[in-house]
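Read through the structure below, which is laid out as structure tokens, and then see the notes.
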Amino acid sequence: PMDAAKMYVSAVVLPDSTVLQTGGGAKSVVFAGAPVLSTQIYNPKTNAWTKVASPTVPRVYHSSAVLLPDGRVATFGGNPTTSFEMRIEVFTPPYLQTGTARPTLTGGPTKLHYGDFASFGTSHATPIRSAVLVRPESTTHESDPNQRLIDLGFATSGHTVSVTMPNERNLAPPGWYMLNVVDTNGVPSVAKWVHLDGNGPKPHGGYTLDGYGGLHPFAVGSTPAAPAVNRGPYWPGWDIARAVARLPNHNSGYVLDGFGGLHPFASGSTPLPPPVTSGPYWNGWDIARGVIVLPDGTGGYVLDGFGGYHPFRIGSGPTPPQISGGEYIQADALRGMSLMRDGSGGYVVDVYGRLVPFNLGSTGVRPPAPPAPYAPGPAPVRGVAVQPNGAGGAVLDGFGGLHSFAAAGGVPLPISGAPYWPGFPIARNVAI
């Protein structure tokens, strides 16, 4: 139990999922109650209280305590009689006195939506055990009903940690949060400020590409299917289409043929996209296997079957940055690629269904590799697509089956209306 009965106490949720209680007085200041100079940490997992360093300054009526981004706690305020206490004390929790290096959290986005997947750089001497959002405090009169800590789904891969934002506004109201990772010693990183607000980008459906160039719309989540394509390439009877990528307007894009040619398509009255420049072309050699377009629509990459990435420009766009990671093997074994919405990185998929992450440029963060959602059988692996919030996606098989996967504790969105050709492995690629 608490070591003393008191009022005016301040309680602070710490990033290691414990609670600090400090300050307070034995009675109301109206009755000249004596201050109680004690501090304890409560562990809800063990239901135990641990006494830690006591404050030296009384904190009674109108006092407060606030968690700082570096993991310490500032205590301040109080007016025991007619004056106001102006001194500030800063408490250093035991997790910052272990003598071990604390994990770091760098890069990544600042603005996030509900359900979003995001990756950050990290270094850590011991493994990461948790990733949490901590609401900044607004304590007044010993109460802060908005104080909360939310555990996040996460995954680590090398120097990357990826997290998935909560989906429930009641659990995590919109606003600013401190994002921490905590290692197995209980040591938290310095917090990174992130802003959580609004729903993530709504899916605009997707397309399954058949070998002749046909684009077959399907729906993702509760939104309508992608619009029907009324202009684009089609090679009836010639199995040469290999991949598809959508532009940011969701209504147009490019179909890749096996030789590396990129052919524009569009739906409705949307203009056809401009021709690409400086892209690869292997005349007569069917080796192109995947294509992605950058989020700003200025360029992209063609993937060959061995794992080579070949940049191209759209219109007068700049040359895209170099890709790092992925998979390169001396065989035609790669079957598709997909890019995260923020353009930081993505996945290639091989003939075995393995999802291999890559990152763009020197600042892109490589996402973690999820377990393969599909082991090829009669239907070979054909492609991969990541859903708009990055929290999941699907691997395509040759019959048109779509096999969902989750990233870092995310939730894959349901897919409906996708074509299926049982026994006929004509599906070639997928784009969401």
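The values are calculated or read from the model by the stated rules, or taken from the named source; none is laboratory data. These figures come from a predicted structure and were not determined experimentally. Positions of Cβ are generated from backbone atoms using ideal geometry, with glycine treated the same way; all protein chains shown enter the neighbour counts.
Some notes on this structure:
- Residue match in the stretch 174-183 (condition: touching a residue at least 12 places away in the same chain (Cβ under 8 Å), closer than 30 Å to residue 254 by Cα and surrounded by 14 or more Cβ atoms within 10 Å (Cβ to Cβ)): no
- Selection status of residue 420, of a type in the set (Ser, Thr, Tyr), without any contact (Cβ under 8 Å) to a residue 60 or more places away in the chain and either part of a strand (DSSP E or B) or crowded, with 17+ Cβ neighbours inside 10 Å (or both): no
- Residue within the stretch 383-397 that is farther than 18 Å from residue 246 by Cβ, modelled with pLDDT of 95 or more and out of contact with any His (no Cβ under 9 Å at 6 or more places or on another chain) present: no
- Yes/no for residue 1 being within 43 Å of the chain's Cα centre (by Cα), in a loop (DSSP other than H, G, I, E, B) and closer than 22 Å to residue 188 by Cβ: no
- Any pair with Cβ under 9 angstrom, 6 or more apart, that starts in the stretch 139-155 at a residue that is closer than 15 Å to residue 76 by Cβ and ends at one that is exposed (fewer than 15 other Cβ atoms within 10 Å of the Cβ): 144/138
- Hits in the stretch 219-262 (condition: assigned to a loop (DSSP other than H, G, I, E, B), buried (at least 17 other Cβ atoms within 10 Å of the Cβ) and among the aliphatic types (A, V, I, L, M)): 225, 226, 240, 247
- Candidate set: the stretch 74-98, residues that are in contact (Cβ under 8 Å) with a residue 40 or more places away in the chain and either over 18 Å from residue 36 (Cα atoms) or exposed (fewer than 14 other Cβ atoms within 10 Å of the Cβ) (or both); chosen: the one farthest from the chain's Cα centre (by Cα): 81
- A count restricted to the stretch 269-280 and to residues that are small (Gly, Ala, Ser) and in contact with a strand residue (DSSP E or B) (Cβ under 7 Å, 6 or more places away or on another chain) stands at 2.
- Checking residue 347 against (1) free of Cβ contacts under 8 Å to residues at least 60 places away in the same chain; (2) surrounded by 18 or more Cβ atoms within 10 Å (Cβ to Cβ); (3) within 25 Å of residue 401 (Cα to Cα); (4) more than 21 Å from the chain's Cα centre (by Cα), the condition it does not meet: (4)
- Restricting the stretch 357-382 to residues that are touching a Lys or Arg at 6+ places or on another chain (Cβ under 6 Å), buried (at least 24 other Cβ atoms within 10 Å of the Cβ) and not aliphatic (A, V, I, L, M), the residue that is nearest to residue 107 (Cα to Cα): 357
- Search result, residues across the stretch 369-391 that are in contact (Cβ under 8 Å) with a residue 40 or more places away in the chain, within 20 Å of residue 290 (Cα to Cα) and not aliphatic (A, V, I, L, M): 370, 380, 382, 383, 387, 388, 390
- Set 352, 347, 328: member being aromatic (Phe, Trp, Tyr), touching a Gly at 6+ places or on another chain (Cβ under 8 Å) and assigned to a loop (DSSP other than H, G, I, E, B): 328
- One residue stands out in the stretch 324-339 among those that are at pLDDT 90 or above and surrounded by 21 or more Cβ atoms within 10 Å (Cβ to Cβ): the one that is nearest to residue 117 (Cα to Cα), namely 339.
- Selected residue (criterion: farthest from residue 121 (Cα to Cα)) from residues of the stretch 184-218 that are crowded, with 20+ Cβ neighbours inside 10 Å and aliphatic (A, V, I, L, M): 215
- Filtering the stretch 282-312 to residues that are among the charged types (D, E, K, R) and part of a loop (DSSP other than H, G, I, E, B) leaves 286, 296.
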